[in-house]
Structure formats: C-alpha cells, structure tokens
1. Obtain the nm distance between the two label points defined at Gln230 and Lys201 by a simple spin-label model: each point lies 7 Å from its Cα along the Cα-to-C-beta direction.
2. At 7 Å along the Cα-to-beta-carbon direction for both Phe689 and Gln144, put a label point, then send me their distance in nm to one decimal.
3. Net charge near Ile316: determine it from the other residues with C-beta under 12 Å of the C-beta of Ile316, scoring Lys and Arg +1 and Asp and Glu -1.
4. Of the accessible area of region 475-530, with the probe set at 1.4 angstrom, what percent is carbon plus sulfur?
5. Can you bin region 9-92 into rounded, prolate or oblate? Criterion: square roots of the alpha carbon gyration tensor eigenvalues sorted a ≥ b ≥ c, rounded for a/c under 1.5, prolate for a/b above b/c, oblate for the rest.
6. With every protein chain kept in place and ligands, DNA and RNA left out, what is the accessible area per residue of region 9-92? Probe 1.4 Å, answer in Å².
7. ³J(HN,Hα) across region 518-526 via Karplus (A = 6.51, B = -1.76, C = 1.60, θ = phi - 60°), whole Hz, x for Gly/Pro?
8. Would you mind putting 547-560, 628-641, 182-195 in packing order, based on average other-beta-carbon counts within 10 Å, highest first?
Amino acid sequence: MSRARQPPLVTGISPNEGAPWTKVTIRGENLGTGHNDLIGLSICGHNCLLTAEWMSASKIVCRVGPAKDDKGEIIVTTKSGGRGTSTVSFKLLKPERIGILDQSAVWVDELNYYDMRTDRNKGISPLSLRPANPLGIEIDNFEQLRVTVGNLKKQASKKNEGSLAYVKGGLSTFFEAQDALAGASETADTLFQEVLGRKDKADSTRNALNVLQRFKFLFNLPLNIERNIQKGDYDVVINDYEKAKSLFGNTEVPVFKKVYSEVETRIEALRKLLLDKLLETPSTLHDQKRYIRYLSDLHAPGDPAWKCIVAQHKWILQLMQNCKEDFITEQKGTHTLGGVGLEMDRSSALNRISLSAPVKRGGSFQTPKDDSWHYKSPQQVRFVEKLSDVVISQLPNFWKLWISYVNGSLFSEKSGQVEKLKKNARQRQNDFKGMIEEVTRRLVQLVRGALLPSSLTELQLRQCGGWDTKTPLGGAWLTQVIHTVRLSHEALSALEIPNDLLQVIQDLLQDLRVHCLLTTLQHTEEDVKRLAEKEDWVVDNEGIASLPAQFEQCMVQMLQSLKEPMECKPGEINVQIFTQHSSSALPLQIIWRVISNICVFFFFCPQIFNLDEQRLLIILSNCQYLERHTFLSLAEHLEKNGFTTAEKIVRVSIEALRQLDEYLFETYVEKKSDPIVGSLEPGIYAGYFDWKDCLPPTGARSYLKEALVSIISVHAEVFTVSKELVPRVLSKIIEAVAEEMSRLMQCVSSFSKNGALQVQVTPHIHLSGQLAFNLKGIVHPKMKILSLITHSHVVPNL
C-alpha cells in the first residue's frame, strides 16, 4: 500500500471577491492527483464541485455559487488526502437591485435610425429626428406671425365646434374599425399560435438540454459504471458512486430518482462481482486486501473480510489433503495429472527459507540438494517437503490477513464502519485461533500418518494415513524430514504466532527426533554386525586389522547423521536427558549400553568357537587397540557433536569391551596352555620314573625341554601378531605351567637324594642362546615359584 498523502492546503484565490457565478482560480498544495481524486470543494459554505475543473495538484478553476455567507474559507477535499484547510478567504458581493425611479448611469449607443424623409439610412442622433418646422408655415416677419396666429385661433374654434359632429359622423366608421381590429387579433392569434407552440417546444427542449448538460454526470453514470467495471477500474466506479450518492442520494426529482435507482442496481451487481472475486482461490494477499477495501467503500452487507478468512482456511486444508492424496496415488503407481504438483520448485517457499535461514537467524541449516535428489528420495520425504511448502506459502498470508483485519487496515475511513468491524474482529479471535490450530494439527497428523502411523488413532489414520510403510525410512531420510519440519516451524514462529498454537509441531519434532535416533541406532547396529563379514585378517605393523578403523568410521558417520536430530533448538526437549517413544521410554545411556554390548559382541565374536589361535590373537589385538585409541577418539567425536554423556557412554562401552577381551584372552590361553600343562605329568613319569628311586641327574629332562620349546613357539606366534600381547600371554601361560608343576611336586610323598637333586636342577637351569633371549624377563621370574616350592615343605632339605 502506498504512503498516505498530506491534506490539501489552499494558499491563494484570484479574484478574492466577486458576485455569484464569478469564475475564480484556486491555488495551493496537495489539491489532488486528478479529477477522480477531487471529491469536495466549497467556497463560503457553498458546494462548488459541479463547476470545478481540476488543472493540477496546485491549481483548480471553478465558479462561485450563491452562498449564504458573505465571507468564508475555501475547503478542498480529496480521496487521497482527506479534508483540507485554507489560509485565505473569499468575499461574496451581493448584487444591487435598481428600481424604475432610481437613477442609473447607462451608456446609450448611437444606432442607425431609418430616416423616412430621405428614405435612406443615416447615422444621426435621436434629437435630430425632430422636424425643423413642425407647423409647416413660412414666417418672414412679425406681421406674418400675427396673421398666422389669428388664423390658427379661428381653426381651433371651428375644430372645437365641429368635434361632436365629427364624432357622430364617424361613429360607424369607428365601430367598423373596432370590429376589423378584433378580427385581425383573432386571425393573428391563429397565425402565431403554431409559431408560439414551436417556440415553447424549443424552449422546453433547450431547457432539457441545459439540464442534461448540467447533470450529464448522473445520466451517463450507469454506462460509465459498466465500462469501468469491464476495464477493472473499480476505484473510478467507487468515486463516481460516492459523488452521485452525495448529490442525488436524497433527491425527489422523478427523473433523477429513476437514474439513481439504475445506478444502485449496477453497484449491487458490482458488490456481488467483487465478493465472488474475493472468495476465489488461489488469490494473492494484495488482491484480497484490495477487494475487501472496495466492498467496504461500497458498504457491502455482512463482513466480507471474515468471509475471505473462512474461505482461505478451507482452501489451505483442501490443499494439504490434496497433497497427501496425490502422493499416495503416485505411490500406488496410478498417479494422474491435476491437484497439487508433486515436483518441488526451486523457487518454493521452503527452499527460499532454507537459503535465507543461516543468514537471518545464524542457523546451521543444510544447503538444499540438487534437483536430482528429489527424484531419488522416498515418497514420504518428498511429501513432507511439499506439504511444508504448501503451509509455508499459504499460512503467512493467512496470518497477515487476520492481523490486518484486527487492526482495521483493511477498511477505509470513509466507509464509517472501521470501529464496528474492528470490534467484530476482536470477538472472532477464538474462532481464528481454532482455524490456526486446525491447520497445524492437520499438518502434524499428515506427517505422522506418513512417518509415525502408530502414534495416530484409527479415525485419524483413515483420514491422514494410507501410506505403504513396508520399507521404513533410514536415519538420513528422517534427518532430512526433521530439517524440513524445523524450517516450517522457524517460518511460522517468525510470524509471531503464539507458541501454544505451534506446540503440536514441537511435539512432532520431538517424536521425529526420537524415532530418528532409534532408527539410526538400529541401522548402525546392523551395519556393525555386518562388519565381521568384511574381516580379511590382515594385520599391519602394530598387529591391528582393518576392522577397528571400519568400526570407527561407521560410528563417526552415525554421529554425523545424528547431528540434526540431536541438536536442541529453542523450545525443544533435549533427547539426551530422556528419550520418549510411543511404546517405550528409555534413558539414552541405557540405549547406548545395549547397542554397545550388541555391537561389540557381533563385531568381534563371529563364530568365535570355530576361530584358530592366530585369529583370536588378532581379535585380542583389535580389542586392545579399541580400548586405548578408538574409544578415546569416539569420546572426542561425541563431545564435538554435543553429547553431554560422552564419558559415561565410553565407560560403558569399555566395560563391555573388557568383558569380551577377558573372555577371548582366557580362551586363547586355555588353548595354548592346556597342551603344555597336560604334557608335564606324562613327561615326568615317562619310563616309570620314580622320585624315590632314580639315577643321579645329568641335566634337565626331556619333558621340561619340550615345555620350554612350546612356550617359545607361543612367544613367536604372539610376537608375530602384536608385541604388546607377549608379556600378557606368556606370563599367563608360564603361570599355568608353574602352578601345574607345583601341584605335581606336592603330590609326591617323598624324594630320594637323587630325586631331590633332580627337582632342584629344574628351576636353576641356565638358559642360553636364542632360548634365553626369547624368555628373558619372562620365564625366570615365574620359575621362581617352582623354586620356592621345592625349597619349602615339598622337597626335603639335603
């Protein structure tokens, strides 16, 4: 809408005094933008609008009417600026009446008079028409004058004496002349009656033409209204109607009443046309405001603004429902043209907000993907995007229309109903609130029907469901859905819609975030299970296979995909504190513990009982690397991605890993130590060896050498895979051998002298060469156990 103009200001009038119907020129500022904008002009209280001729925004020409006031202001009223003011005044001069006996200075023009004496036209003075000798007597001297006077007296006396006789003698002639004059009068009346009738008819026609010329505005108004309606110039129609209404609205002249009635008929048709255009969908907010203002200026019955709001509300709901039906139809493979288009336009409201959101709000929304991404995305994802775009493109204009309705900016001041309509708007606040709630609730129900059908009732599913959910969406698609819904919430919040009306969208976001979290964890669990199939058992220089790196990569990708759903926007609940779902409520730490245990078990223990010793060593080396490096790196990634419970998550995962490591280590030690320990007793008593009756010792016996060789082979096997595992594995195996030797020595009841020497030779063997190098720092400390046993209560002192 354009900025309001300043009110008119009259600063001069020329001439500044005069009689009625004097032509004057008015000058000033803001005197209107055109003839149609000028709706009022009064001088000394008299309406001069009919004679006004608009020249420019600073000049108007008109004639002064017969006003009652002798002196007054010049007031100009325009549609754009309203009623104006004046800094000058006009003095109206009253005409003086001159009676028949009053003296008056009159200029008498000399005319061309017809001189009958000379029978030709002459330019002479009226005084020269007197005859030069009225008596017709030529007098030369006084005697002639005296004689002439005497003769005149005699003639006068004779005339007086004969006047009566003269009358009596000419009486018949007089009556004949009178009769002739009467007949001539009747004949003249008959002759001139037709001429006079034509004159009267001409005068009537002339008067009628003058009336038509003077009031041609009214007589041409019905046709002008029809033409302007066809051209769409509704402003001109309204201005002409207001002008005609002010001039002829209360007229008693039958002709004017008939023409004005026809004008009212055309205006009523215009009201119906404008109302139909107002209720048409789709329409822009600008057109809606324009039609509402037109209907307000035309004093349309009812409340057109509220009718428009109701129609727009139904239109938005229908758009949302059509969007769902079109996508479901396409999903079933029977999509037809019509309804809401399924392709996302690059200039859609959702893309515009996604592009502008990081700049305006400092957000971290993702950059929209290219056009090919939409053709690869699932139906539900594209449906949510299209549905959100419908709401974002329609609801803001719907909300702005309501705000304009409440503050009265939809109505013009000249309608005189602004306060009444504003009062009606305040009374309908609850009704409009219900409309917004219905739109947001329908949006949430449609999204739930596509992604979370279990959260709806059967009645809601029949209206908002119908999707094929055999293939659930992955975490990446759910993340994109969360991003889309957040964009919608951001756009609606920017309109300053009350938070209680948007709470259902917040609840939807919370459920989507939880659903995305659980789905991502489940998919990650399945991916980790499948990692065991990718193990190639090839180790690097540090004895680490490729599986730990793949595991870390899988977990990092999962954390990156959870960045959007785990991010807590203003007004959202932190899902790390408590995760709610339709059928379960588990703390996030418990979920992580379950996932960690499952992942660790299936990741490192595929067919554990069918693995050979070398692969067990590789798994142990991987476990050790996980505990010392991978989980610490994951802890950094967790903190980087905003997980406040990263320390506890890592601690729980390490505990599960240690349990697995302990189990695998015991399994490997058992596999390696059992053959060595099992060979000791048969080796000691081979050849019916008896501690009570044996030959003097000559060195270590064969069974002991075989045990040492077996230990060296274990050392070589472990050293080949991981140097760090050598002390841990060999110390456990040597401890098992020492314990077995201790047990066997305790089982001997007595020793002979040679037997006692043979026992003492065993722990004091001097190892040399490669054997001593390989067992350095490992064998001797453990063999001291056997030495202590033999020197204590088991072997007698010599």
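The values are calculated or read from the model by the stated rules, or taken from the named source; none is laboratory data. Please read these numbers as outputs of a predicted model, since none were measured by experiment. With ideal geometry, Cβ positions are generated from the backbone for all residues, glycine too; neighbour counts draw on all protein chains shown. We work out accessible area using only protein heavy atoms, side chains counted, and drop any ligands, DNA or RNA first. Shrake-Rupley method; radii C 1.70, N 1.55, O 1.52, S 1.80 Å.
1. So the label points at Gln230 and Lys201 sit 3.6 nm apart.
2. 21.5 nm
3. Computed value for this residue: +1.
4. Percent of accessible area from carbon and sulfur atoms in region 475-530: 46.
5. Because a/c hits 1.5 or more and a/b exceeds b/c, region 9-92 counts as prolate.
6. 48 Å²
7. 5, 5, 5, 5, 5, 5, 5, 4, 5
8. Final packing ranking: 547-560, 628-641, 182-195.
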